[in-house]
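Notes for the one structure printed next.
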Amino acid sequence: MEQRKEVSVSGLSYAVKRLLGKGKGGYSYLVTDGAEEYVLKQIHHEPCGYYQFGDKMAAELNDYRRLSETGIRMPRLLAADVEAERILKEYIAGDTILDYVRRDRMRPEFLEQVREMCRLLYPAGLNIDYFPTNFVVREGLLYYIDYECNGYQEQWDFEHWGIAYWSMTPEMAAYLREHP
């Protein structure tokens with residue numbers, strides 16, 4: 001898609017500005033309709049050795065619904081084009097938690113905000129992907145910008161897995177060596 005200048009979602013065209021990132025389930029692009037900026041996620045079917053997928057598009061929409069019910073801060077889903085396997089969501093501009101960790105500027109209030117998300121998620125029986133690229137800070141507020149969620153398992157919750165990547169731990173240092 002990077003070669004394409006325009007892409008459509010449910011018949012509406014958007015200009016592709018740049019690639020934001022690639023995840024387990026898709027590529028995310030910053031797009032515009034000329035007035036506003038959005039995130040367009042194009043589902044991909046590339047293999048992932050540590051994660052099993054079924055219908056990625058259905059999972060994306062179901063996960064959005066489940067997370068919306070918890071009340072955590074996240075971008076609104078604006079459109080879904082099931083045939084093209086694309087979703088359009090609100091763009092949350094700001095630095096990721098990874099940016100804060102890299103610059104050694106992590107703030108205690110971000111940890112408190114993710115823990116507040118956990119207080120909403122765990123009673124609902126959910127974990128999210130706590131990796132720091134999935135969190136953006138806008139005007140001091142933390143947003144979970146992915147829609148991935150899974151059934152709660154202690155080994156994958158924030159305190160047992162995610163927190164290892166929210167500061168310059170050996171796990172984060174290893175990640176940064178592999179992803180400069």
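The values are calculated or read from the model by the stated rules, or taken from the named source; none is laboratory data. The model shown is predicted, which means the values in this text are computed figures rather than measured ones. Cβ coordinates were reconstructed from backbone atoms using ideal geometry, including for glycine residues, and neighbour counts include every protein chain displayed.
General observations
- Qualifying positions in the stretch 139-180 - under 18 Å from Gly94 (Cβ atoms), charged (D, E, K, R) and surrounded by 15 or more Cβ atoms within 10 Å (Cβ to Cβ): Asp146
- Residue within the stretch 49-63 that is crowded, with 17+ Cβ neighbours inside 10 Å and at pLDDT 95 or above present: yes
- Within the stretch 112-142, the set of residues being touching a residue at least 60 places away in the same chain (Cβ under 8 Å) and over 13 Å from Leu98 (Cα atoms) comprises Leu126, Ile128, Leu141.
- Among the residues listed as Tyr122, Tyr91, the single one being over 30 Å from Val9 (Cα atoms) and either outside the structural domain of Trp156 (by TED's automatic domain parsing) or modelled with pLDDT of 95 or more (or both): Tyr122
- Among the conditions (1) more than 19 Å from the chain's Cα centre (by Cα); (2) not assigned by TED's automatic domain parsing to the domain that holds Asp55, Ile128 misses just one, which is (1).
- Scanning the stretch 67-88 for residues that are of a type outside the set (Ser, Thr, Tyr), in a helix (DSSP H, G or I) and either at pLDDT below 95 or crowded, with 17+ Cβ neighbours inside 10 Å (or both) yields a total of 1.
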